[in-house]
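Q: Next up is a structure, given as structure tokens.
The values are calculated or read from the model by the stated rules, or taken from the named source; none is laboratory data. All values reported here derive from a predicted model rather than from experimental measurement. Cβ placement follows ideal geometry from the backbone for every residue including glycine, while neighbour counts extend to all protein chains displayed. Surface areas here come from the heavy atoms of the whole protein model, side chains and all, with no ligands, DNA or RNA. Shrake-Rupley method; radii C 1.70, N 1.55, O 1.52, S 1.80 Å.
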Amino acid sequence: MSEQPVTPPLDENQIIVERRAKLKALREKGAAFPNNFIRDRLAGVLQEEFEDRDRDSLDLNPVGVKVGGRMMLKRVMGKASFATIQDMSGSIQLYLTDSYPGKEQHEAFKHYDIGDIIGADGVLFKTQKGELTVRVKQLYLLTKSLRPLPEKFHGLTDQESRYRQRYLDLIANEESRLTFVLRSRIIQATRNFLLDRRYLEVETPMMHPIPGGASARPFVTHHNALDMQLFLRIAPELYLKRLVIGGFEKVFEINRSFRNEGISTRHNPEFTMLELYVAYRDYRYLMVLLQTLLSDVAQIVFGTREITYQGRKIDLEKPFARLTIAGAIKQYHPEITDAVLNHRDALIADLKRRNIPYRQQDGLGGLQLTLFENTTEAELFEPTYIVDYPAEVSPLARRSDADPKLAERFELYIAGREIANGFSELNDPEDQAARFQEQAKQKEAGDEEAMHYDADYIRALEYGLPPTAGAGIGIDRLVMLFTDSPSIRDVILFPHMRPE
């Protein structure tokens with residue numbers, strides 16, 4: 001038997017040419033992109049509502065529906081055809097014959113392409129296999145897709161393409177769609193947690209005359225009308241504390257912040273943060289509050305207070321561990337002794353031996369922090385508060401009364417990365433002014449991440465900031481944790497990429 005010639009698959013350019021020809025034919029017949037179809041039901045909602053209805057019940061009690069979505073599957077079998085359309089809630093099957101919706105519409109459907117957006121007016125029934133289906137009475141081609149979707153059996157698997165063309169990723173990958181639905185629910189649950197506790201949600205400027213609230217390199221822009229340089233905010237902290245001074249004693253903001261830093265699996269130059277401030281509380285209160293927040297959000301969104309990240313379980317209900325920087329280093333690296341940690345020269349020698357870069361101007365506390373970040377941070381998989389940070393690396397935090405070299409500050413680590421940062425706020429205007437001046441000296445010495453001197457904030461402090469506690473949570477990293485996502489790009493809809 002002679003072999004039949006194999007028809008080579010069309011390349012993408014050929015497919016686009018053919019689809020443009022179909023669109024041209026549609027234009028010649030009238031409105032190629034009709035806008036007169038009104039959908040009245042969602043596919044996923046119908047699947048839930050009629051899951052328990054049997055075939056006979058639907059036949060005896062017809063349910064009319066209008067559904068619409070993107071065609072993801074198509075099967076033509078002579079006088080009958082099936083299609084599956086996908087909308088924001090899920091998918092549902094359509095059934096067409098020469099009788100319904102009629103031979104003309106059925107024939108037209110045979111020339112529709114995967115990716116086309118269609119509407120269907122019809123009646124629900126269930127197939128012999130029990131699949132909920134719409135028997136189509138009227139079919140509408142609403143939007144002609146000119147480009148082919150990713151290969152249907154494999155979806156869009158190339159990571160870079162998924163990030164660059166998120167719209168295709170969302171069409172092709174149900175898991176990706178779910179991640180961003182969960183992100184929305186996590187943020188909403190976080191917002192409701194604070195609103196229920198009488199925190200006031202506010203909005204503060206995204207363009208600052210002076211970058212402040214964190215140590216980071218800012219993005220710089222220019223305001224033409226005012227002819228002045230502005231900075232995209234690196235944190236909303238100083239504005240939120242101005243509001244506490246003004247009498248809003250419990251405030252929060254879920255905000256976009258911008259830092260001109262590198263890109264990695266944990267960093268994106270544009271990111272989402274939650275910052276909250278509460279008067280007449282300290283950093284110890286915040287540690288309890290944040291664990292309750294994380295635990296409650298997990299329960300609300302996922303129905304459990306135990307989550308799994310990269311194959312390991314994390315119990316958010318069990319009290320979080322608390323360690324100092326030195327204590328954490330010694331716990332995970334017992335070879336590093338107190339003699340090394342408590343003597344600057346010995347600590348520098350150890351950093352050099354490990355080929356860990358450090359800043360020459362740092363004191364003992366700053367060097368300890370550098371050693372911790374490079375040797376121990378990644379080991380903290382279980383939820384752990386690292387407490388009592390050096391005051392020298394905490395320019396906005398209140399000093400400890402017991403040891404002025406330390407600040408009343410914590411950072412929360414889960415799965416080897418920082419999730420939150422909080423402290424008792426510095427409300428001594430003279431101490432704050434001195435620390436700003438020290439930061440300004442460091443900036444003059446070449447530290448691009450050091451803070452500016454903010455004279456207006458000092459003036460605000462001089463009117464009196466009550467004892468206050470404040471914290472920031474990285475929303476993107478929190479979503480990574482809750483959705484078991486290894487990269488921050490998996491939880492940001494449109495992450496920043498190099499140009500193609």
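Q: For the list (1) free of Cβ contacts under 8 Å to residues at least 24 places away in the same chain; (2) buried (at least 16 other Cβ atoms within 10 Å of the Cβ); (3) within 30 Å of the chain's Cα centre (by Cα), I need the number of the one condition that Val181 fails.
A: Failing condition for Val181: (2).
Q: Go through segment 61-93 and give me each residue that's basic (Lys, Arg) and more than 22 Å from Asn36 (Cα to Cα).
A: Looking only at segment 61-93, we keep the residues that are basic (Lys, Arg), and these are 66, 70, 74-75, 79.
Lys74, Arg75, Lys79, listed by residue number.
Q: For segment 36-52, what are the residues that are at pLDDT 95 or above, under 19 Å from Arg70 (Cα atoms) and open to solvent by 40 Å² or more (accessible area, probe 1.4 Å)?
A: Ile38, Arg39, Asp40, Arg41, Leu42, Val45, Gln47
Conditions (1) closer than 22 Å to Ala172 by Cβ; (2) assigned to a helix (DSSP H, G or I), marked per residue:
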| position | (1), (2) |
| --- | --- |
| Ala31 | no, no |
| Arg41 | no, no |
| Gly44 | yes, yes |
| Asp52 | no, no |
| Arg70 | yes, no |
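Q: Among the residues of segment 203-226, are any part of a helix (DSSP H, G or I) and touching a residue at least 60 places away in the same chain (Cβ under 8 Å)? Outline the logic, then answer.
A: Pass one, segment 203-226, residues part of a helix (DSSP H, G or I): none.
No, the conditions are met nowhere in segment 203-226.
Q: Further question: Tell me which residues, restricted to segment 272-304, are open to solvent by 30 Å² or more (accessible area, probe 1.4 Å) and touching a strand residue (DSSP E or B) at 6+ places or on another chain (Cβ under 7 Å).
A: Once the filter is applied, which keeps residues that are open to solvent by 30 Å² or more (accessible area, probe 1.4 Å) and touching a strand residue (DSSP E or B) at 6+ places or on another chain (Cβ under 7 Å), segment 272-304 yields Arg281, Asp282, Tyr285.
Q: Continuing with this model, one more query. Any idea which residue in segment 13-31 is nearest to the chain's Cα centre (by Cα), counting only those that are open to solvent by less than 90 Å² (accessible area, probe 1.4 Å) and farther than 15 Å from His111 by Cα? Outline the logic, then answer.
A: To start, the set of residues in segment 13-31 that are open to solvent by less than 90 Å² (accessible area, probe 1.4 Å) comprises 14-16, 19, 21-23, 25-26, 30-31.
Still in the list and also farther than 15 Å from His111 by Cα: 14, 30-31.
Numbers: Gln14: 38, Gly30: 43, Ala31: 39 Å.
Among those that are open to solvent by less than 90 Å² (accessible area, probe 1.4 Å) and farther than 15 Å from His111 by Cα, it is Gln14.
Q: Also, quick follow-up: From Thr265, Thr308, Thr272, Thr304, which residue is under 27 Å from Glu249 (Cβ atoms) and either at pLDDT 95 or above or among the hydroxyl-bearing types (Ser, Thr, Tyr) (or both)? Before the answer, list the steps.
A: Working: Thr265 fails: under 27 Å from Glu249 (Cβ atoms); Thr308 fails: under 27 Å from Glu249 (Cβ atoms); Thr304 fails: under 27 Å from Glu249 (Cβ atoms).
Only one candidate qualifies: Thr272.
Q: Shifting gears a bit: Would you check which residues across segment 397-408 are out of contact with any Gly (no Cβ under 7 Å at 6 or more places or on another chain) and open to solvent by 10 Å² or more (accessible area, probe 1.4 Å) and list them?
A: The initial filter retains those residues of segment 397-408 that are out of contact with any Gly (no Cβ under 7 Å at 6 or more places or on another chain), namely 397-404, 406-408.
Matches in segment 397-408: Arg398, Arg399, Ser400, Asp401, Ala402, Asp403, Pro404, Leu406, Glu408.
Q: While we're here: Taking the residues in segment 94-126 that are free of Cβ contacts under 8 Å to residues at least 12 places away in the same chain and surrounded by fewer than 15 Cβ atoms within 10 Å (Cβ to Cβ) as candidates, determine which candidate is nearest to Val76 (Cα to Cα). Steps first, answer last, please.
A: First, the residues of segment 94-126 that are free of Cβ contacts under 8 Å to residues at least 12 places away in the same chain: 99, 102-104, 107.
Remaining after also requiring surrounded by fewer than 15 Cβ atoms within 10 Å (Cβ to Cβ): 99, 103-104, 107.
On the way: Ser99: 15, Lys103: 13, Glu104: 15, Glu107: 10 Å.
Checked segment 94-126; the qualifying residue nearest to Val76 (Cα to Cα) is Glu107.
Q: Keeping to segment 320-364, report how many residues are within 34 Å of the chain's Cα centre (by Cα), farther than 22 Å from Gly416 by Cβ and not basic (Lys, Arg).
A: Result for segment 320-364: 1.
Q: Within segment 54-68, how many residues turn out to be surrounded by fewer than 16 Cβ atoms within 10 Å (Cβ to Cβ) and not in a loop (DSSP other than H, G, I, E, B)?
A: Residues in segment 54-68 being surrounded by fewer than 16 Cβ atoms within 10 Å (Cβ to Cβ) and not in a loop (DSSP other than H, G, I, E, B): 6 in total.
Q: Same structure again: Looking at segment 358-377 only, could you name the residues that are open to solvent by 80 Å² or more (accessible area, probe 1.4 Å) and in contact (Cβ under 8 Å) with a residue 12 or more places away in the chain? Write out each step before concluding.
A: Filtering segment 358-377 for residues open to solvent by 80 Å² or more (accessible area, probe 1.4 Å) gives 359-361, 373-374.
The answer is Arg359, Gln361, Asn374.
Q: Additional query: Can you give me the ranges of the helices (runs of 4 or more DSSP H) entirely in segment 373-490 with at least 3 residues that are over 33 Å from the mean Cα position of the chain (by Cα)? Lay out the reasoning, then the answer.
A: Details: elements: 429-444, 455-462, 475-483.
Qualifying helices (runs of 4 or more DSSP H): 429-444, 455-462.
Q: Filter segment 419-467 for residues that are among the charged types (D, E, K, R) and open to solvent by 50 Å² or more (accessible area, probe 1.4 Å) and give the result. First the steps, then the outcome.
A: Our first condition is that a residue be among the charged types (D, E, K, R); within segment 419-467, this holds for 425, 428, 430-431, 435, 438, 441, 443-444, 447-449, 454, 456, 459, 462.
Answer for segment 419-467, where residues must be among the charged types (D, E, K, R) and open to solvent by 50 Å² or more (accessible area, probe 1.4 Å): Asp428, Glu430, Glu438, Lys441, Lys443, Glu444, Glu448, Glu449, Asp456, Arg459, Glu462.
Q: Now for a different question. Out of the residues in segment 241-270 meeting the condition of being in a loop (DSSP other than H, G, I, E, B) and open to solvent by less than 40 Å² (accessible area, probe 1.4 Å), tell me which one is nearest to Pro429 (Cα to Cα).
A: Pro269
Q: Looking at segment 186-240, which of its residues are more than 24 Å from Asp296 (Cβ to Cβ) and crowded, with 21+ Cβ neighbours inside 10 Å? Give the derivation first.
A: Of segment 186-240, the ones more than 24 Å from Asp296 (Cβ to Cβ) are 203-235, 237-239.
Answer for segment 186-240, where residues must be more than 24 Å from Asp296 (Cβ to Cβ) and crowded, with 21+ Cβ neighbours inside 10 Å: His208, Pro211, Gly212, Gly213, Ala214, Pro218, Arg233, Ile234, Ala235, Glu237, Leu238, Tyr239.
Q: Taking interchain pairs and intrachain pairs at least six residues apart, which have beta carbon atoms under 9 angstrom, with the first residue in segment 310-333 and in contact (Cβ under 8 Å) with a residue 60 or more places away in the chain and the second surrounded by fewer than 14 Cβ atoms within 10 Å (Cβ to Cβ) and part of a strand (DSSP E or B)?
A: What qualifies is Ile314/Thr308.
Q: Applying the selection to segment 464-479, what residues are hydrophobic (A, V, I, L, M, F, W, C) and in contact with a helix residue (DSSP H, G or I) (Cβ under 6 Å, 6 or more places away or on another chain)? Can you show your working first?
A: Narrowing segment 464-479 to residues hydrophobic (A, V, I, L, M, F, W, C): 465, 469, 471, 473, 475, 478-479.
If the condition is that a residue be hydrophobic (A, V, I, L, M, F, W, C) and in contact with a helix residue (DSSP H, G or I) (Cβ under 6 Å, 6 or more places away or on another chain), then Leu465, Ala469, Ala471, Val479 are the ones that fit.
Q: Follow-up. Checking Lys330 against (1) more than 19 Å from Glu377 (Cα to Cα); (2) in a helix (DSSP H, G or I); (3) not hydrophobic (A, V, I, L, M, F, W, C), which single condition isn't satisfied?
A: (1)
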